[in-house]
Structures are given as C-alpha cells and as structure tokens.
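Here, each number is a calculation from the coordinates, and none is a lab measurement. Everything quoted here is computed from the prediction, not taken from an experiment. For neighbour counting, all protein chains shown are included, and Cβ atoms are generated from backbone atoms with ideal geometry for every residue, glycine included.
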Amino acid sequence: MCAVQIKKQAKKYDAIIVGSGAGGGMAAYTLANAGLKVCLIEAGPNYDPAVNSSQLKPAWESPRRGARTQFRPFGDFDGCFWGWNIDGEPYTNAENSNWEWFRARMVGGRTNHWGRISLRFGPKDFKRKDIDGLGDNWPISYDDVKPYYDKVDKLIGVFGTNEGLYNDPDGIFLPPPKPRLHELFIKKAAGNIGIPVIPSRLSILTKPINKDRGSCFYCSQCGRSCKVYADFSSSSCLVKPAIATGNVDLVVNAMAREVLMDRDGLAKGVSYVNKEDLQEYQVYGRTVILAASACESARLLLNSKSERYPNGLANSSGVVGKYLHDSTGADMGGIIPALFDRKRYNEDGVGGMHVYTPWWLDNKKLDFPRGYHIEYGGGLGMPLYGFSWGIEKLNGMFKVKGQQKEAGGYGASLKEDYRYFYGAHVGMAGRGESIAREDSYCEIDPNVVDKYGIPVLKFHTQWTDYEIKQAKHMKETFAEILHSMGALVTWGGDDGPHNNYGLHNPGVIIHEAGTVRMGDDPRKSVLNKYSQAHDVKNLFCVDGGQFVSQADKNITWTILALAMRASDYLISEMKKQNIA
Amino acid sequence: MDRRDSLKALLVTTVSGGVLLEACKNPQTEKEAAAKPAANDADRMEEEKLHDKKLKDETFFKSEEMATIGILADIIIPKDNVSGSATDAKVPDFIEFIVKDMPEYQTPMRGGLRWLDLQCLNRYGNPFKDCPHNQQIEMVDRIAYPNKAKPDMAQGVAFFNLMRNLTATGFYTTEIGWKDVGYVGNTPNQWNGVPDDVLKQYDMAYTEKELKECVSFSKA
C-alpha cells in the first residue's frame, strides 16, 4: 500500500469554509441557516466550552498554578490551544523583522479565549486616508456595515452604553456591570485630567438572550471559555448552532494545503492533510471561503499556485500577503496606596474590564496619525502563578500598618505584607492603530516547510516612527493617570527611546489583518467590497485578511459583521445564479 | 436559559464535567451527567497530558535539597495566627514541579542551595539543613534584606529573592493561601457593584447614569 493516498470526497458542498473562528463560524452559521450545505474545515481538534473549558478550576488544580506554557501562552487554564509556537509548524522572519505569529488550533479558534472587547469601527475608521492621507480608504463605509453590526449585536449579545460618540458608534447593548473599586479610582483620576472613561463593550451576556445560552455568573474567567455559553465564542455561539441545522459537516484536525482550481479558473474545493491519519483529502464545493486567519488565508492563496495563477491564487494584483498589520500595544502598572489593607469581597466581575477609554484626542494636533484605546485591570483577582512576585521591591517602599519595614524579609511579618498589598495593583494597556503598509508583508519562505510539507510564511514587518510616537504618548498618558490617582508606577516605567517605549513587537496583540485586503481597484486589492476575490468569483475571504485598516478598535466585531455581510451577498449571488 | 437553570447546569458540569446545556433542558440528562463524570482533564490537549506526565515522572531535586527547600520555605512562610506554613501547603512539591516546568530556575535554585550550604559549612561546620535553628536564622538574615545585605552576600540575596517568590507563589495559590489572603471569588455570584460600606470608606459613589444603566440585582 502506498504510504500517502489522496482521498476524494464524492459529496459536493455549496461552500467549503476553511477555519472555524469568528469569520468562518459566522459564515457557516449564516449559510447553514439559509439551507446551504457547508463543509467546515478546522486545523485543530473539536472544542466545546461546555465540556472542555477549565472554568472554575482553582489555582491548585494546575501543577504550575496557572502559569503559561508553550501550549497555552496565556496560562494553563486559558481556553486556547497553542499560540506563538506550534510543534512542527514553524514560520520565519526576514532580518530585522520581528513578527510574532499567534495561532490557535481548535474549533472556534482564538474566539474561545479572546478579551470579548466588541467595538464597532466608526465612520472615520473606514475613511482614514481622507483624514490623514495615509494608507487607503475602505471601499465601504460605516453605513454599509451598520445593519450588520446591529444584527451581530442582537444575535450574539454585547453589553455597553450608548454614549453618542461619533466614531465609537452606539449599538444595541445589554446593561454593563458596575465599575469595580479600582475602576472608580481610574474613572475619577482620568476624569480629573480630561480623559474619558466609559463602560466597556464586551460580548458577555448580563441578561439572557435565548434559550441556548446562559447568562453571566461573574467569575471573571471568560478567557477560559464559558461552560454556560454566557460569552461569545465561535465554537459555542456559531459553530454549534450551525451544526444543529444539519447542513454542516465539520472536519477537525484538517490542515488545509491548497485551494483546488478547475479548468475555468474557478475554485472547486480544498485539499487538506488529516493530522490524525496523515492522509491527503480533497473536498469539493461550489464556493470556497477562507477564514483561516489573515496570515493563514494569505498563505493558502500563495501556496495555491498553478500555471494559470503563478503568483498564487487571487493574486494578479500581487497584493496577497501585503499590508500586514497588528494593533500597537504598550502597558504600564502601578499600585494605589489608598487601597492598601482593603476590605475583602468577591470582585471577580465579568472577564475583563468594566470600563475603558476610547480614543479621545485629535491626531491633527499630535505627532502621530492614529489613535488608541486604553484597557484597564486590577483589583482583588484570583491569586495564580506569579502572585505578588517581587515583593522585595515593594515592601520597603511603604509603611505596612503604620510600620516602616526593611525590604524583603520573611516570616509572619512577610505574610502580613502580602495581605496588606493584595488588591491594590492596577494596570493599563494601550491598543492602537498602526498604518497598513505595502512593505509590511508575509510571503512564502522558499526554503522551509512545516511537518506536513506545506511551505511556511516568512515575515517582513517593522514599526515606523508613527507607532513608536504613539507608544510614547500611551506611556505618558498612563503615567499621568497613575499620578492623578496617587498611584506609584511598579512596572513599565523604565521604557524609553532605547526600547521604542515598550511598544510590543508586531503580532503580539494578536489582531493580524490586511493581507487579503478589499478595494474597488483589482490592481491594488484582492477582494471586492463583498469580500469576494476580484480574480475568482466563487472565492471569498472573511477573516481579518480583508481589512484595509484596523482602527483603534479590536477587530472581531467587524470580522463578524463583514462575514455575515459577505455570506448574505453570496446567498443572493447564488440565487441569481451569478455563482453556479 | 435563565440564571437558575444556568447555575444548576454549571453545578453539574463543574462537579462532573458532563454536558450542561442538555442538563438545563432535561432533568433526566442532568442525572445521567452526574452519574457519568467526565474526566477532570477534559480541558487538556493530548500534547499537554503527555508533557505533564513526563515532568511528573522526573525528579530534579535530591532529598537533601528538598529538605533544605522545606526548611527555607517554612522560614519564609511559617504558621501564624491566620494560616498554616509553606510545608502545610506542600510548597516544596510545587517548587520541585515548577523547576522542571521552567528549567531556567534549575541552575539558580541548585546553585543557590549549594552556595548556602558552603556558606554554612565555612561558618558553622554544617550544611544549612543540619545547622541549629538560630544559625539558620542568622544565615538567612544575611541574605533576606536586599538593601542592607553586605556586597559579598549578593548571590545569596538573589537566591533568597527567588526562593521567597517561588514560596509565596506556591503558597498563595493553594486553598490555604487563598483563605489567608482573603480571595473569595471563583464562584458563581451576582456582581452588584462595590459594597456600600466600601464605597463610603473611599468617598466614592456610583453616578445616577451608572445606577440607571448598569445591571443590578435585588439584595434579597
């Protein structure tokens, strides 16, 4: 018997979707509910938060007390399989490039553990070139996407408040949770220096919205994924109900190799390697929808070369892989002496911040072109690995119960210190918009393949002065807010020009976007304004790849809205028989 | 699904690991889920199970090293009138595991323990663990206070900082440690905002807007 066989499936689907995260899950859900037959291919194993979440496990049920591992970079209880390093699936960086590529391998992808920060792009975010001359405008406007944001709000659920902010549009919100104590301190301190702090907008159900999903019970562990489906994960909220229609075949542990083409230059299916039996498979469909993540989708297109498409599929423009960009990120932490020795109560709240700061300044008056929002943390959180690490740098700086002690120490006195400082820490993180640039890109590395023999990506990404100046501004802002609340900086205060003001490497914030971008001009974009390839009309891309720019907002809510919009368009094109 | 059903289902799933959404809909399934507890490792990937098993099957510290770690851990976190000691919370076992999981700690820990023994052998004629308690404390006092330790004790200070941090992390991430520090979360509840007496203590109040817009629960 031959060691490797290619197994061709006889069934022909209406759509083959590659990837089951936000984009793929929404496409599967929308198409399946319209009665289309869907094959959903996922590179990782099945995952159902109701069964597989670590929710409510106490610290001691992890031998490493929740510390990170290669398998879970956000900690041993985090609801995400893999991350920046997957065994046998390398990627490379060109000299001076430092992209850090995060990949989830599981049904639902990164949505199982994400921050649930669900922000609509605003009218300005689709037309940034009109404002500052940089990058490109989207081929669509806020008005095109607004009906889909509304539908996503209703279908999935998001809490927040209507504030009437032009570029942070109102939505259809569930009630937000009240601020925690440190968040009241932040709100007051930031307000005193003119920085707005408003209720956060997270896709967590503070009220029930349907019979299939529970409502939040305030354990703060959304990052582990929710057993009662009270927050949004694609696995629980989209893939599961999509499968329940009977119209979806889910294929797990299936690593897509390439998009298959017919003689007319149309997509006819997808080939993949089954990670369990290591055999090669082919599935066929009327359309192919890529939702494998911005970079994986670009990789698939670039690896789908043929005589007809020597630069890769849907790449007559040469744009596939280009304009790769991530959110910027810089952080700082401090301690609030007013909160020392505070009263204990259950302050877990929802998974994440109850308040945040949307971008509040005018970039015309600043030396960097795009904005950022601020996320906040702190409070009486669960003690996990790293609890009070570095107390020797803290306990000599303050009087403990009126007594000045020597830094460090041990014994009953040290135990008193741990209790005294617990719950007084606060952290802030800026997440900003970078400029999508043609010279920030990924391509196929000619020399390296992964363990399945699939050529891997090589990255060429660097920050520019714009992002570095933005990070500097973040740091100055954080220091001001901390100062305004009487807090002392405990970490992130030593950053400066020597390290780009603590600006994280591109990729670290895990908002990869831009590699399969949309546009009206087929010479400068891969997709049209309905996420459909200019070159191949039965090929779509519905993940972050299609983004022209990514705003100072987290991108998931827009991925969901655009995936729903593209799916509606696809259904209508099929009805009109524009797609056979 | 309403809240009561969610919590009932959650109880089933966290106790048994069974499938809860079915349980919400059907009391019969709830009983079945409870009767057939799923493995407590349903949240683990196969690769993780293999990795953790491999680490648990290995032994890093020698028995003399473990004895010293136990003594140091109980000097750092002794029993007091609030909670038990580091060894009550099995901190040495945690340290044994964590240095295998984070190999970057292996040399600082092994070398630091050896440094400590050599100091004690030279000063007192015995390795640390065999010194009487007063000598152990005298030695620890030389390395426990980074700002006043003598320069020739710097390596010992670095070791003791690591030992203090590992001990504290190992202690406060146990049930004993959570109780000591007063962490009362990790349980289903209704977040109704900061308690009134705490708001008053810090001269804080929710705005009318917040009270009107935010989710509230009756205090019954």
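Which one, A:174, B:162, A:550, projects farthest toward the positive side of the charge dipole computed for the protein assembly as shown from Cβ point charges (K/R +1, D/E -1)?
Looking along the dipole axis, the top candidate is A:174.
Kindly flag which residue pairs out of A:275/B:54; A:472/B:209; A:7/A:537; A:154/B:49 have an alpha-carbon separation exceeding 32 Å in this structure.
On the way: A:275/B:54 23 Å; A:472/B:209 34 Å; A:7/A:537 26 Å; A:154/B:49 39 Å.
With Cα atoms farther than 32 Å apart: A:472/B:209; A:154/B:49.
If r is the Cβ-Cβ distance from residue A:308 to residue A:193 and R0 is 60 Å, what FRET efficiency results, to the nearest 0.05?
It comes out at approximately 0.50.
Using the Karplus curve 6.51 cos²θ - 1.76 cosθ + 1.60 with θ = phi - 60°, work out ³J(HN,Hα) for each residue of region A:71-84 in order, rounded to whole Hz, and write x for Gly and Pro.
6, 9, x, 9, x, 5, 9, 5, x, 9, 8, 6, x, 7
So if I place +1 on the C-beta of Lys and Arg and -1 on the C-beta of Asp and Glu, and nothing else carries charge, what would the dipole magnitude of the protein assembly as shown be about its Cα centre? I want it in debye, nearest 20.
Details: 98 positive and 100 negative charges, 264 e Å.
With only Lys, Arg, Asp and Glu charged at Cβ, the dipole is about 1260 debye.
Give me the orientation-averaged projected area of the Cα convex hull of region B:48-181, in nm², one decimal. Write out the running numbers ahead of the final one.
Working: hull surface 35.6 nm².
Computed as one quarter of the Cα hull surface, the answer is 8.9 nm².
Here are some pairs, A:227/A:451; A:227/A:415; A:146/A:178; A:524/A:576; A:458/B:53; which of them have Cα atoms lying more than 31 Å apart in this structure?
Values: A:227/A:451 34 Å; A:227/A:415 35 Å; A:146/A:178 27 Å; A:524/A:576 28 Å; A:458/B:53 34 Å.
Violating the 31 Å Cα-Cα cut-off are A:227/A:451; A:227/A:415; A:458/B:53.
Other chains' Cβ within 10 Å of A:226-235 residues: what's the mean? All intermediate terms of the calculation are to be shown ahead of the outcome.
Values: counts 2, 10, 12, 4, 4, 0, 0, 0, 0, 0.
Counting Cβ atoms of other protein chains within 10 Å of each residue's Cβ and averaging gives 3.
Using θ = phi - 60° and the Karplus curve 6.51 cos²θ - 1.76 cosθ + 1.60, what whole-Hz ³J(HN,Hα) does each residue of region B:64-74 get, with Gly and Pro shown as x?
Karplus values, whole Hz, x for Gly and Pro: 5, 5, 4, 4, 5, 4, x, 5, 4, 4, 6.
So if we plug the beta-carbon distance of residue A:521 and residue A:439 into 1/(1 + (r/R0)^6) with R0 = 22 Å, what FRET efficiency do we get, rounded to 0.05? Don't skip to the end; give the middle numbers.
Numbers: r = 19 Å, r/R0 = 0.86.
Rounded to the nearest 0.05, the efficiency is 0.70.
How high is the FRET efficiency between residue B:121 and residue B:42 when r is their beta carbon distance and R₀ equals 56 Å, given to the nearest 0.05? Mind showing how you got there, number by number?
On the way: r = 50 Å, r/R0 = 0.90.
The pair residue B:121/residue B:42 has a calculated efficiency of 0.65.
May I ask you to evaluate 6.51 cos²θ - 1.76 cosθ + 1.60, the Karplus curve with θ = phi - 60°, for each residue of region B:166-179 and list the ³J(HN,Hα) values in order in whole Hz, giving x for glycine and proline?
Here the 3J(HN,Hα) series is 5, 5, 5, 4, x, 7, 7, 9, 10, 4, 4, x, 4, 5 Hz.
For residue B:67 paired with residue A:361, estimate the spin-label separation in nm (one decimal), with each label point 7 Å from Cα along the Cα-to-Cβ line.
The answer from the label model is 6.2 nm.
Report the local net charge at residue B:60: Lys and Arg +1, Asp and Glu -1, summed over other residues whose C-beta lies under 12 Å from its C-beta.
Working: positive: B:56, B:62, B:100, B:110; negative: B:57, B:58, B:65, B:93, B:96, B:101.
Counting the neighbours of residue B:60, the net charge comes to -2.
Cross-link candidates for residue A:364: which lysines have Cα within less than 16 Å, leaving aside residues fewer than 8 places away along the same chain?
Here the lysines satisfying the reach criterion relative to residue A:364 are A:124, A:127, A:129, A:469.
Have a look at A:121, A:162, A:335 and report the one farthest towards the positive end of the charge dipole of the protein assembly as shown, computed about the Cα centre with Cβ charges (Lys/Arg +1, Asp/Glu -1).
Looking along the dipole axis, the top candidate is A:162.
Grab the other residues whose beta carbon is less than 10 angstrom from that of residue A:88, score K and R as +1, D and E as -1, and report the net. If you can, show how the numbers build up before the last one.
Working: positive: A:275, A:451; negative: A:87, A:89, A:450.
Spelling it out: positives minus negatives among the neighbours equals -1.
Using per-residue counts of other Cβ atoms within 10 Å, averaged over each peptide, order A:155-167, B:161-173 from highest down. Kindly include the intermediate steps, with their values, before the conclusion.
Details: A:155-167: 18.3, B:161-173: 24.7.
Ranking the peptides A:155-167, B:161-173 by packing returns B:161-173, A:155-167.
Which of the three applies to region B:36-83, rounded, prolate or oblate, going by the alpha-carbon gyration tensor with a ≥ b ≥ c and a/c under 1.5 meaning rounded?
Details: a/c = 4.27, a/b = 1.65, b/c = 2.58.
Verdict is oblate for region B:36-83.
Are there any trypsin sites (Lys or Arg not before Pro) in region A:386-427 that are in a DSSP loop and have at most 16 other Cβ atoms within 10 Å? List them by number. Show your work: numbers first, answer last.
Working: sites: A:393, A:399, A:401, A:405, A:415, A:419; in loops: A:401, A:405.
Counting only loop positions with at most 16 other Cβ atoms within 10 Å, the trypsin sites (Lys or Arg not before Pro) in region A:386-427 are A:401.
Give, in nm to one decimal, the length gained when the segment between residue A:33 and residue A:141 is fully stretched (0.36 nm per residue of separation minus the Cα-Cα distance).
Numbers: separation 108, 0.36 × 108 = 38.88 nm, distance 2.68 nm.
Extending this stretch completely gives an extra 36.2 nm.
Can you check what the net charge comes to around residue B:210, using other residues whose Cβ is under 11 Å from the Cβ of residue B:210 (Lys, Arg +1; Asp, Glu -1)?
Around residue B:210, the surrounding residues sum to +1.
Take A:263, A:103, A:201 and order them by how many other Cβ atoms sit within 10 Å, fewest up front.
On the way: A:263 7, A:103 23, A:201 27.
Ordered by Cβ neighbours within 10 Å, fewest first: A:263, A:103, A:201.
Other chains' Cβ within 10 Å of B:202-214 residues: what's the mean?
Details: counts 7, 1, 6, 1, 3, 3, 0, 4, 8, 1, 2, 9, 10.
Averaged over the peptide's residues, the number is 4.
Cα atoms only: what Rg and Dmax, in Å, come out for the protein assembly as shown?
Answer for the protein assembly as shown, Rg first and Dmax second: 27.4, 92 Å.
Based on the mean of other Cβ atoms within 10 Å per residue, sort peptides A:22-34, A:81-93 so the most packed one is first.
A:22-34, A:81-93
What does the structure give for B:94-107 when I average, per residue, the other chain Cβ atoms found within 10 Å of the residue Cβ?
On the way: counts 5, 0, 0, 3, 5, 0, 2, 7, 5, 0, 0, 0, 0, 0.
Neighbouring Cβ atoms belonging to other protein chains average 2 per residue here.
In terms of modelled amide H atoms, which long-range or inter-chain residues lie less than 5 Å from the amide H of residue A:261?
For residue A:261, the qualifying residues are A:268.
Quote the charge dipole size of region B:150-209 about the Cα centre in Debye, to the nearest 20; the model charges only the Cβ of Lys and Arg (+1) and of Asp and Glu (-1). Could the numbers behind the result be given before it?
Working: 5 positive and 7 negative charges, 49 e Å.
That gives region B:150-209 a dipole magnitude of about 240 debye.
Sorted from largest down, what three extents in whole angstroms do the Cα atoms of region A:1-120 have along their principal axes?
Sorted from largest, the Cα extents of region A:1-120 read 49, 40, 38 Å.
Modelled label-to-label distance, residue B:79 and residue A:282, 7 Å Cα→beta-carbon offset: nm?
Here the modelled spin labels are 7.3 nm apart.
Which value, in debye to the nearest 20, gives the size of the charge dipole of region A:522-580 about its Cα centre, when Lys and Arg are +1 and Asp and Glu are -1 at the Cβ? The partial results should precede the final answer.
Details: 8 positive and 5 negative charges, 44 e Å.
So the magnitude is around 220 debye.
Suppose the chain between residue A:124 and residue A:452 were pulled fully straight at 0.36 nm per residue; how much longer would it get relative to their current alpha carbon spacing?
Details: separation 328, 0.36 × 328 = 118.08 nm, distance 4.30 nm.
Full-extension gain reported as 113.8 nm.
Could you work out [θ]222 nm for the protein assembly as shown from helices alone, using -39500 (n - 2.57) per DSSP H run of at least four and dividing by all its residues? Round to the nearest 500 deg cm²/dmol.
On the way: 22 runs with 247 residues, N = 800.
Estimated from H runs of four or more residues: -9500 deg cm²/dmol.
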